[in-house]
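Notes follow the structure.
The values are calculated or read from the model by the stated rules, or taken from the named source; none is laboratory data. The structure presented is a predicted model; accordingly, all values stated were derived computationally and were not measured. As a convention, Cβ positions derive from the backbone with ideal geometry for all residues, glycine included, and neighbour counts pool all protein chains shown.
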Amino acid sequence: MENILKENERIDDLELNNLKIIQRTDGFCFGIDSVLLSDFAKGIKRNNKVLDLGTGTGILGLLLCAKTNLKQITGIEVQTEIAEMAKRTIKLNNLEDKFDIINANIKELDKILKLDYYDSIVTNPPYKKANSGKINENEIKLISRHEIKADLSDFIKMSFKLLKDRGSLYMVHRTERLADIISEMRLNKIEPKRIRFVYSNSTSDSKLVLIEAVKNGKSFLKIEKPLYVYNEDGTYTDEILEIYNKK
């Protein structure tokens, strides 16, 4: 395909259903958190209409197209350059009829999209507060990692507006922000229903947490068994190999 790549870009093979993704060689690339969230959210039902808030390279949408029978997924990306790159990835994989990208700030979505419309929302939002952590990053990485364009509250408030009643929100975030996440969800009538903590190994503290919450859901929370990424010898655990489709 002509001109599919621009300067400082590469094509990576996802080793799943022949899917490929375009990423920058000098920018923010997807990590294990998006892969884990795609597995956590693979219960998305047939013919669901799905929204991906902060889609970045489009990795979540690609994986969910392969792992679920969703009808349509729309990725929202605030950075124009990254949104355009995700569109080229969709074209590369011939998914134009199933996956589309909107270049917009999530704060504006209630003026752009139908309210109370989506069956499921997935999101891997920026983890760090605007003025925390290292800030000596290029602009793309800075916006991807820090709550500059929108914060946690914005993501959850907009999810309530756009989800159908009893629709599900799937999120991956830093475990250290869990109290904030639950507080914001309950404030906005999105009830946490399922939580799974992710650990590097059996002796480490949890750094990532996976959460499923339901709009206007009743209060009942299930804590699932821990997810360990590495064995004691540093190799991937069997479950991680299964998630990566390599077992």
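Give the number of residues within the stretch 182-216 that are polar (S, T, N, Q) and touching a Phe, Trp or Tyr at 6+ places or on another chain (Cβ under 8 Å). Let's see the steps before the verdict.
So in the stretch 182-216, the residues polar (S, T, N, Q) come out as 183, 188, 200-204, 206, 216.
The next check asks that each one be touching a Phe, Trp or Tyr at 6+ places or on another chain (Cβ under 8 Å); those that pass are 188, 200-202, 206.
Matching residues across the stretch 182-216 total 5.
Rundown of residues vs (1) of a type in the set (A, V, I, L, M); (2) at pLDDT below 90; (3) out of contact with any strand residue (DSSP E or B) (no Cβ under 8 Å at 6 or more places or on another chain), yes/no style:
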| site | (1), (2), (3) |
| --- | --- |
| A83 | yes, no, no |
| K98 | no, no, no |
| N105 | no, no, yes |
| D119 | no, no, no |
| K128 | no, yes, no |
| N136 | no, yes, yes |
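Looking at I44, I59 in this structure, which one is under 12 Å from the mean Cα position of the chain (by Cα), aliphatic (A, V, I, L, M) and within 27 Å of V198 (Cα to Cα)?
I59 is the lone residue from the list that is under 12 Å from the mean Cα position of the chain (by Cα), aliphatic (A, V, I, L, M) and within 27 Å of V198 (Cα to Cα).
Looking at the stretch 47-62, can you tell me whether even one residue there is on the phi < 0 side of the Ramachandran plot, out of contact with any strand residue (DSSP E or B) (no Cβ under 6 Å at 6 or more places or on another chain), assigned to a loop (DSSP other than H, G, I, E, B) and of a type in the set (V, I, T)?
No: zero hits.
Out of all the residues in the stretch 25-34, is one or more surrounded by fewer than 23 Cβ atoms within 10 Å (Cβ to Cβ), closer than 25 Å to I112 by Cα and not acidic (D, E)?
Checked against the condition, which is being surrounded by fewer than 23 Cβ atoms within 10 Å (Cβ to Cβ), closer than 25 Å to I112 by Cα and not acidic (D, E), the stretch 25-34 yields no hits at all.
Do any strands (runs of 3 or more DSSP E) lying entirely in the stretch 149-247 carry at least 2 residues that are of a type in the set (S, T, N, Q) and under 25 Å from E15 (Cα atoms), and which ones are they?
Strands (runs of 3 or more DSSP E) meeting the threshold: none at all.
Looking at the stretch 175-195, which of the residues that are free of Cβ contacts under 8 Å to residues at least 40 places away in the same chain and among the charged types (D, E, K, R) is nearest to D238 (Cα to Cα)?
Only one residue tops the list, namely R194.
Going by the structure shown, is I143 in a helix (DSSP H, G or I) and at pLDDT below 95?
Taking the combined requirement at face value, the residue satisfies it.
Out of all the residues in the stretch 1-24, which are surrounded by fewer than 11 Cβ atoms within 10 Å (Cβ to Cβ) and in a loop (DSSP other than H, G, I, E, B)?
Result: M1, E2, N3, E7, N8, N18.
In the stretch 220-247, what count of residues is obtained for those that are surrounded by fewer than 11 Cβ atoms within 10 Å (Cβ to Cβ) and within 21 Å of H173 (Cα to Cα)?
Final tally of qualifying residues: 4.
Give the stretch 64-97 a look and list any residue that's surrounded by fewer than 16 Cβ atoms within 10 Å (Cβ to Cβ) and either in a loop (DSSP other than H, G, I, E, B) or among the charged types (D, E, K, R) (or both), or say none.
Of everything in the stretch 64-97, those that are surrounded by fewer than 16 Cβ atoms within 10 Å (Cβ to Cβ) and either in a loop (DSSP other than H, G, I, E, B) or among the charged types (D, E, K, R) (or both) turn out to be N69, K71, E81, E84, K91, N94, E96, D97.
Within the stretch 67-122, can you find the residues that are farther than 22 Å from N3 by Cα and touching a residue at least 60 places away in the same chain (Cβ under 8 Å)?
Answer for the stretch 67-122, where residues must be farther than 22 Å from N3 by Cα and touching a residue at least 60 places away in the same chain (Cβ under 8 Å): V78, L113, Y117, Y118, D119, S120, I121, V122.
Would you point out the residue of the stretch 196-224, among those that are more than 20 Å from E239 (Cα to Cα) and of a type in the set (S, T, N, Q), that is modelled with the highest pLDDT?
Only one residue tops the list, namely N216.
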